[in-house]
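Chemist: One structure is given below, represented as structure tokens, and several questions about it will come after.
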Amino acid sequence: MSPAAPRGGRFEPRLKARRRAGSRFMWLCRIAVAFGVASLVVLLVDILADGLAVLSPGFLASYPSRFPERAGIRSAIIGSAWLLALVAAMSFPLGVGGALYLEEYAPRNRFTRFLQANIANLSGVPSIVYGILGLAVFVRFLALERSLLGGAATLSLLVLPLVIIAAQEAIRAVPGSLRETSYALGATRWQTIRHHVLPQAMPGILTGTILGLSRAGGETAPLIMIGALTFIAFDPVSPMDPFTVLPIQIFNWTTDPREAFHALAAGAIVVLLSVLLLMNATAILIRNRYERDS
């Protein structure tokens, strides 16, 4: 029995029309990419033209000032380093622990699927929402005020879903035969995880954590929401000290009407971009190195 003819007559693939439509769409995508890259290049050239002129050891070692010729970003650099260290100390163990529970211990049921869906959704929540949450919980309810600890806790909530998802993917990529071999030799579940699963998954976990920290290092809206200060003329020495970071300092200088401060903001942007590019390059190097070794 021959197959029934398609409704409307004989089937015609219309390959030429499809190829033309595909070629038009490909060129449309190329134009969109070229426009985005050109816009980025223009912005980078403009920032570098203004920012490189103010970069100097004195600019990096001086505190913010109301006088442009004396202003620097020392307190912002130290505050950013403090903040990223605290965020890493909070988000890394919680994120890896949550991923281990979901992948190795949690039963596959409706509650686990609910948790997984919410973690995926939280990774796409706008950062200002985390700022509102940090203001209500950490600044006011827990009375952490405008401290490094309050800012780090807020940004830890922001990057925690990213760390959990990256750690889950890394743990999921470990071959099941490795676990079965460990169990066959008499190892317990925790011994298998500690000595075999985690070492194999650690490159992916570190890569995801570094990328999450690079996002935290460039965030401004949550820190503005919790009241991070824009003028700090001292080095923070404890987690309960007030602080400023590079994005906040950049925001402060760009809102100043004086043109000299706009050049200082461009210099701070160059420093921030360099730090973020270094962190992303580190994540790529870690991934490539362990991919070659595996």
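The values are calculated or read from the model by the stated rules, or taken from the named source; none is laboratory data. Everything quoted here is computed from the prediction, not taken from an experiment. A quick note on method: Cβ atoms are made from the backbone with ideal geometry, for glycine too, and the neighbour counts reach across all protein chains shown.
Chemist: Would a scan of the range 67-80 turn up a residue that is in a loop (DSSP other than H, G, I, E, B) and in contact (Cβ under 8 Å) with a residue 40 or more places away in the chain?
Modeler: Yes, the range 67-80 contains at least one residue that is in a loop (DSSP other than H, G, I, E, B) and in contact (Cβ under 8 Å) with a residue 40 or more places away in the chain.
Chemist: How many of the residues making up the range 200-249 are more than 17 Å from the chain's Cα centre (by Cα) and either more than 26 Å from R140 (Cα to Cα) or small (G, A, S) (or both)?
Modeler: Matching residues across the range 200-249 total 7.
Chemist: Would the range 58-74 turn up any residue that is modelled with pLDDT of 90 or more and β-branched (V, I, T)?
Modeler: Looking for residues that are modelled with pLDDT of 90 or more and β-branched (V, I, T), one finds at least one in the range 58-74, hence yes.
Chemist: Report yes if some residue within the range 241-252 is among the aliphatic types (A, V, I, L, M), over 22 Å from G58 (Cβ atoms) and part of a helix (DSSP H, G or I); otherwise report no.
Modeler: no
Chemist: Could you list, in sequence order, all residues of the range 262-294 that are aromatic (F, W, Y) and crowded, with 18+ Cβ neighbours inside 10 Å?
Modeler: Residues satisfying the conditions do not exist here.
Chemist: Still on this model: For residues in the range 42-65 being surrounded by 13 or more Cβ atoms within 10 Å (Cβ to Cβ) and among the hydroxyl-bearing types (S, T, Y), which is farthest from the chain's Cα centre (by Cα)?
Modeler: S65
Chemist: For the range 71-108, which residues satisfy the criterion of being under 17 Å from the mean Cα position of the chain (by Cα), surrounded by fewer than 18 Cβ atoms within 10 Å (Cβ to Cβ) and over 25 Å from D235 (Cβ atoms)?
Modeler: Across the range 71-108, the qualifying residues are P93, L94.
Chemist: Just to be sure I understand, how many residues within the range 195-242 are buried (at least 18 other Cβ atoms within 10 Å of the Cβ) and of a type in the set (F, W, Y)?
Modeler: Here the count works out to 0.
Chemist: Examine the range 40-57 for a residue that is polar (S, T, N, Q) and at pLDDT 90 or above, and state whether such a residue exists.
Modeler: Taking every residue of the range 40-57 in turn, none turns out to be polar (S, T, N, Q) and at pLDDT 90 or above.
Chemist: Listed residues A34, A53, A49; which is part of a helix (DSSP H, G or I) and within 16 Å of A263 (Cβ to Cβ)?
Modeler: A49
Chemist: Name the residues in the range 109-133 that are part of a loop (DSSP other than H, G, I, E, B) and surrounded by 13 or more Cβ atoms within 10 Å (Cβ to Cβ), would you?
Modeler: Selection gives S123, V125.
Chemist: In addition: Criterion first (modelled with pLDDT under 90 and either in contact with a Gly (Cβ under 9 Å, 6 or more places away or on another chain) or under 14 Å from A81 (Cα atoms) (or both)) does D256 satisfy it?
Modeler: Considered against the rule, which asks whether it is modelled with pLDDT under 90 and either in contact with a Gly (Cβ under 9 Å, 6 or more places away or on another chain) or under 14 Å from A81 (Cα atoms) (or both), D256 comes out as no.
Chemist: Limited to the range 138-164, what total is found for residues that are farther than 25 Å from V237 by Cβ and more than 12 Å from the chain's Cα centre (by Cα)?
Modeler: 2
Chemist: Quick check on my filter: what residues within the range 219-269 are touching a strand residue (DSSP E or B) at 6+ places or on another chain (Cβ under 8 Å) and either of a type outside the set (A, V, I, L, M, F, W, C) or free of Cβ contacts under 8 Å to residues at least 40 places away in the same chain (or both)?
Modeler: Passing the criteria: P236, P239, D241, P242.
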